[in-house]
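S.K.: Shown below is the structure under consideration.
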Amino acid sequence: MIAELICVGTELLMGQILNTNAQFIAKELAPRGIDMYHQIVVGDNPQRLTEVVRTALSRADILLFSGGLGPTDDDLTKETVCNALGLELVLYDDEWQKILDYFESKGRTVASNNKKQAMFPPNAHILDNPNGTAPGCLIEKDGKTIIFMPGPPRELCPMFVNHVIPYLQGKSGHLLYSREIRIFGMGESEVAQKLGEIFDSSNPTVAPYVKTGEVTLRVTAQCQTEQAGLLLVAPMVTRIKEILGDLVYSTDGETLALVCHNALIAQNKSLSVAESCTGGLLASAFVDIPNSSRYFIEGAVTYSNDAKLRRLGVRPSTLKKHGAVSAECAKEMAEGMRRTSNTELALSTTGIAGPDGGTDEKPVGLVYIALATPQGTSVKELRLFGDRDRIRLTAVLNSLDMLRRYML
């Protein structure tokens, strides 16, 4: 079964609004065994929208529309599509009453043009929208399914989950079961070389996805039930772990930060961080996760040499002899943070993120990270590449991986 997503709105074409609906719907369709080969963004123009509808009808079984269900003159999705399908619109009294009640509950006066939001083709299946004034609807015609949903994500997402997914699941008859394997410390090409013929598997399939600094493998099985999918996928996940070893840090899609978070809580260890080049990104990786207060005590962005001396107790002689970007400085930063924060563990980062500041001896991308523990302090030198954002993010990922490996 093939679905096509058509997002309507000139503001999307102009880049004024980020199209998060497309990402959300695509991620929800895939596990249900519904293919989507095309996503279209079209402006609020009846002629162009009609052309898009005709093309989509020729190649998809299900047409999903988002946006253009509002009360204004440029909200023409429902009217334009129904006209192309030869369907008239009639007033649904019950839906009009819901709109009136909604406005009354908000203490607002309903405008006459809101009435068109309660107009649908005869025999349409209405999709309730408790978060706005635009109900969605589902139409079946000539073997095709047409689904209208509002544009605002806070309205579309619950409507899709509560109404559209159950309908589509019944239509599909099968589902896709997936596990996400996350890998750190090896590039995509080397991962592919290590795994070899595994990528030729047909059910389950194994597909790589590259993110900044890491590789993700999605192992997916087509199946009738989730339990059947689990039985197909589990042996493949085990095989990949056997080949890649501790480069695999998660088989359930957890981030590096979440893996460290769970380990710190499970082992009842406290943590602090001292940052220079990462400028708070490392601390944010932890505090972005709920309940991080159970182990995360303190973070300090000691950007200047004076801050490193004053806050962390880095020795003046270290900075004079080795400089702020050095293994020696990173070591003293981590140890100073651990001592002054009274935590069991402490991480530190110092480096040159660029685009300026590099030299032949210490180029842009040179970063040192350190982990201070009761058993001693480990320091790692990194030679990173890319722009400033990439270098800082990759430094954070390497810091998290250093902590993960210690927690193991």
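S.K.: Kindly flag which residue pairs out of LYS78/LYS171; LYS331/LYS380; LYS78/LYS141; LYS78/LYS116 have an alpha-carbon separation exceeding 18 Å in this structure.
M.R.: LYS78/LYS171
S.K.: Starting from the Kirkwood Rh over alpha-carbon pairs, what translational D in µm² s⁻¹ does the chain have by Stokes-Einstein at 37 °C and 0.692 mPa s?
M.R.: The Stokes-Einstein estimate is 131 µm²/s.
S.K.: Shifting gears a bit: Just want to confirm a number: the relative contact order over the stretch 256-407, from Cα pairs under 8 angstrom separated by 6+ residues, in percent.
M.R.: For the stretch 256-407, the relative contact order is 25 percent.
S.K.: How big is the Kirkwood radius of the stretch 2-172, worked out from every pair of different alpha carbons and given in Å to one decimal?
M.R.: 16.2
S.K.: For the stretch 127-142, in order, what is each residue's ³J(HN,Hα) by Karplus, 6.51 cos²θ - 1.76 cosθ + 1.60 with θ = phi - 60°, in whole Hz (x at glycine and Pro)?
M.R.: Whole-Hz 3J(HN,Hα) from phi for the stretch 127-142: 10, 4, 10, x, 9, x, 9, 9, x, x, 7, 10, 10, 10, 8, 6.
S.K.: Would you mind putting 20-27, 325-332 in packing order, based on average other-beta-carbon counts within 10 Å, highest first?
M.R.: For the peptides 20-27, 325-332, the packing ranking is 325-332, 20-27.
S.K.: Show the residues, 5+ positions off or on another chain, whose built amide H is closer than 5 Å to the amide H of ALA300.
M.R.: Those qualifying (amide H under 5 Å, at least 5 residues apart or on another chain) are VAL273, ALA274, GLU275.
Read-outs throughout are calculated quantities, based only on the coordinates presented, and are distinct from any laboratory measurement. Predicted, not measured: the structure shown is a model, and the values here were computed from it. Here Cβ is always computed from backbone atoms with ideal geometry, including for glycine, and neighbour counts include all displayed protein chains.
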